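The values are calculated or read from the model by the stated rules, or taken from the named source; none is laboratory data. Fair warning: this is a prediction, and the values are worked out from it, not measured in the lab. In this analysis, Cβ positions are derived from the backbone assuming ideal geometry, glycine residues included, and neighbour counts consider all displayed protein chains. Note: accessible area is taken over every heavy atom of the protein model, side chains too, but ligands, DNA and RNA are not part of it. Shrake-Rupley method; radii C 1.70, N 1.55, O 1.52, S 1.80 Å.
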Amino acid sequence: MKKITLIFSVIFLIGCSNESTNFESSSINKNETFNWRLVTSWPKNYPGLGMAPERIADLVEEMSDGQMKITVYGAEEQVPAFGVFDAVSSGSHQMGHSGGYFWKGKVPAAQFFTSVPFGLTADEINAWVNRGGGLELWREIYAPFNIYPIPAGNTGTQMFGWFNKEINSLEDVKGLKMRIPGIGGEVLKEAGGIPVTLPGGELFTALQTGVIDATEWVGPYNDLTFGFHQAAKYYYYPGWHEPGPMLELLINIDAWNSLPKHLQVIIETATKAVNQDMLDEYLAKNNQALTELIEVHGVELRRLPDDVIEEFRDISNKILDDLAKEDETIAKVYESYLNFKKNVSAYHEISEDAFVESRTK
Ligand code: CA
């Protein structure tokens with residue numbers, strides 16, 4: 001009896017945060033087996049980013065005792081890196097793993113559910129999405145595309161990236177051709193730079209051959225794997241453009257509705273576990289990789305000058321305000337995001353920020 005009560009409590013708790021789930025149809029066979037395909041925007045088995053969907057697939061298969069199998073495909077294996085949203089929307093693939101800001105041309109408000117410049121950190125966006133009203137908004141804006149999103153990983157605060165020339169003033173930003181997606185790219189453009197969007201797999205060659213002057217990617221752990229230190233000299237921080245990017249598991253809504261309820265709960269629970277696990281992985285590995293980049297590979301670590309950061313911040317705020325004026329959906333999401341950011345920042349100032357400062361001084 002105790003066990004049954006516990007199971008029902010868990011289902012109830014998860015059900016509460018999952019309002020858009022349809023009621024299970026009586027035609028659904030609870031024992032049917034499912035073989036799904038999941039496409040991603042990352043190279044196959046890529047550390048962190050590419051391993052998250054693999055872990056979700058493994059957990060789902062184990063938790064469902066083999067009733068559900070998910071085969072994960074790397075970028076370009078079945079669809080291009082930036083074709084993931086369309087593949088899931090059309091139903092050619094049941095699942096995808098990617099980042100919402102890649103769809104800014106199609107769903108501009110999606111960027112808030114990945115990262116916006118000078119926005120929420122990883123802990124903060126988890127709290128906003130899972131407990132602060134963000135998830136309901138996210139599901140509402142993806143529903144017209146027949147997609148059901150679940151938060152599925154976070155890299156933590158990123159690095160600004162790899163540069164072949166020093167950034168000592170705003171003048172150095174002018175004409176700078178840099179791979180930087182999302183609103184961060186628009187900020188760079190406004191500051192006089194030339195933003196480029198390229199998938200991760202093309203960055204090393206583009207940087208090495210001088211097609212781009214600079215690139216952001218993720219942080220030390222991932223950047224070391226791509227070998228960017230062999231193509232650029234300076235490694236700049238802070239990653240003002242991606243303070244805590246949240247990744248997404250995309251599920252075709254028709255496919256989702258064809259699942260028995262217990263498999264839906266398994267997918268939600270497995271993905272929630274992986275969302276946190278990825279953040280832990282990045283935090284544990286980034287500091288080791290940074291030491292290796294500096295001590296073994298001689299990378300020069302540089303902090304962006306304060307006036308450059310201030311300029312980027314002013315431009316970011318203006319771009320976000322303007323976006324909210326132009327688009328009703330963005331306005332709604334931005335209001336929720338901004339209110340959360342304001343309150344959580346005030347709290348963090350006297351809690352985590354104050355503590356970290358006291359620990360290091
Ligand atoms: Ca990035």
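How do the peptides 288-300, 267-279 rank, highest first, by the average count of neighbouring beta carbon atoms within 10 Å per residue? Don't jump to the answer; show the numbers that get you there.
Values: 288-300: 14.3, 267-279: 20.1.
Sorting 288-300, 267-279 by mean packing, highest first, produces 267-279, 288-300.
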Exercise for review: In Å and from the alpha-carbon atoms only, list the Rg and Dmax of region 23-127.
Suggested key: 15.7, 48
Check your understanding: Carbon and sulfur: what percent of region 181-246's accessible surface (1.4 Å probe)?
Key -> 52
Review point. Hey, which of these cross-link pairs are over 26 Å Cα-Cα: Lys106/Lys261; Lys174/Lys341; Lys233/Lys342; Lys189/Lys233; Lys106/Lys165; Lys233/Lys361?
Key: Lys106/Lys261; Lys174/Lys341; Lys233/Lys342; Lys106/Lys165; Lys233/Lys361
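How high is the FRET efficiency between Leu283 and Ser27 when r is their beta carbon distance and R₀ equals 51 Å, given to the nearest 0.05? Numbers along the way, then the final one.
Details: r = 45 Å, r/R0 = 0.88.
E(calc), rounded to 0.05, equals 0.70.
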Point to revise | For region 248-359, fraction of C-alpha pairs farther apart than 16 Å, in % | key: 81
**Study point:** Dipole magnitude of the chain, debye to nearest 20 (Cβ charges: Lys/Arg +1, Asp/Glu -1, about Cα centre)
**Key:** 580
Review point. For the pair Gln208 and Glu77, how long in nm is the line joining their label points, each one 7 Å along Cα→Cβ?
Key: 2.4
Study note, to complete from the structure: With all protein chains present, region 305-361 has a carbon and sulfur share of its accessible area (1.4 Å probe) in percent of 49
Exercise for review: Pick out, from Ile309, Asn35, Val296, the residue whose Cα sits farthest towards the positive end of the charge dipole of the chain, with +1 on the Cβ of Lys and Arg and -1 on the Cβ of Asp and Glu.
Suggested key: Asn35
Review point. Residue by residue, what Karplus-based ³J(HN,Hα) values in Hz, rounded to whole numbers, does region 100-114 have, using 6.51, -1.76 and 1.60 with θ = phi - 60° and x for Gly and Pro?
Key: x, 5, 5, 9, 4, x, 9, 10, x, 5, 4, 4, 5, 8, 10
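Packing-wise, with mean Cβ within 10 Å as the measure, how do 326-335, 177-186, 349-358 rank, highest first? Please report the intermediate quantities before stating the final value.
Working: 326-335: 15.5, 177-186: 23.3, 349-358: 10.8.
Per-residue Cβ counts within 10 Å, averaged per peptide and sorted highest first, yield 177-186, 326-335, 349-358.
Given R₀ = 35 Å, FRET efficiency for Lys332-Glu295 by Cβ-Cβ distance, to 0.05? List each step's numbers first, then the result.
Values: r = 48 Å, r/R0 = 1.37.
In this case the efficiency is close to 0.15.
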Review point. Give or take rounding to whole Å, what are the principal axis extents of the alpha carbon atoms in region 118-231, in descending order?
Key: 43, 31, 27
Practice item. Report, by chain and number, residues whose modeled amide H sits under 5 Å from the one on Arg37, excluding near sequence neighbours (fewer than 5 apart, same chain). Key: Thr71, Gln94, Met95
Exercise for review: Quick one: angle between helix 306-326 and the longest Cα principal axis of the chain, in degrees between 0 and 90, rounded to 10, please.
Suggested key: 40
Practice item. State, as an integer percentage, the relative contact order of region 208-361 based on alpha-carbon contacts under 8 Å between residues 6 or more apart. Key: 32
Review point. Shape of region 216-308 from its Cα gyration tensor (a ≥ b ≥ c, root eigenvalues): rounded if a/c is under 1.5, otherwise prolate when a/b > b/c, or oblate?
Key: prolate
Practice item. Calculate the length of the line joining the C-alpha centroid of region 118-196 to that of region 51-80, in whole Å. Key: 26
Point to revise | Cα-based Rg of region 44-106 normalised by 2.2 N^0.38 Å, two decimals | key: 1.17
Check your understanding: Could you state the per residue volume, in Å³, of the convex hull enclosing the Cα atoms of the chain?
Key -> 151
Check your understanding: When the Karplus curve 6.51 cos²θ - 1.76 cosθ + 1.60 is applied with θ = phi - 60°, which whole-Hz ³J(HN,Hα) does each residue of region 38-54 get, with x for Gly and Pro?
Key -> 10, 9, 10, 9, 10, x, 3, 6, 4, x, x, 3, x, 7, 4, x, 5
Review point. Amide H of Ala75: which non-local residues (sequence gap of 5 or more, or other chain) have their own amide H closer than 5 Å, using H built in the peptide plane?
Key: Thr40, Trp42, Lys44
**Study point:** Surface per residue (accessible, 1.4 Å probe) for the chain, Å²
**Key:** 46
Exercise for review: Considering the options Gln78, Ile330, Trp138, tell which one lies farthest towards the positive end of the dipole of the chain, charges being +1 on Lys and Arg and -1 on Asp and Glu at the Cβ, about the Cα centre.
Suggested key: Gln78
Check your understanding: For labels at Asn45 and Asn164 in the simple 7 Å Cα→Cβ model, what's the distance in nm?
Key -> 3.2
Point to revise | Viscosity 1.002 mPa s, temperature 20 °C, Stokes-Einstein D of region 266-317 from Kirkwood C-alpha radius, µm²/s | key: 149
Point to revise | Phi-based couplings in Hz for region 78-85 (Karplus 6.51, -1.76, 1.60; Gly and Pro marked x) | key: 10, 9, x, 3, 9, x, 5, 4
Revision key, fill the gap. The set of residues whose placed amide H lies less than 5 Å from the amide H of Glu300, leaving out same-chain residues fewer than 5 positions away, is Tyr235
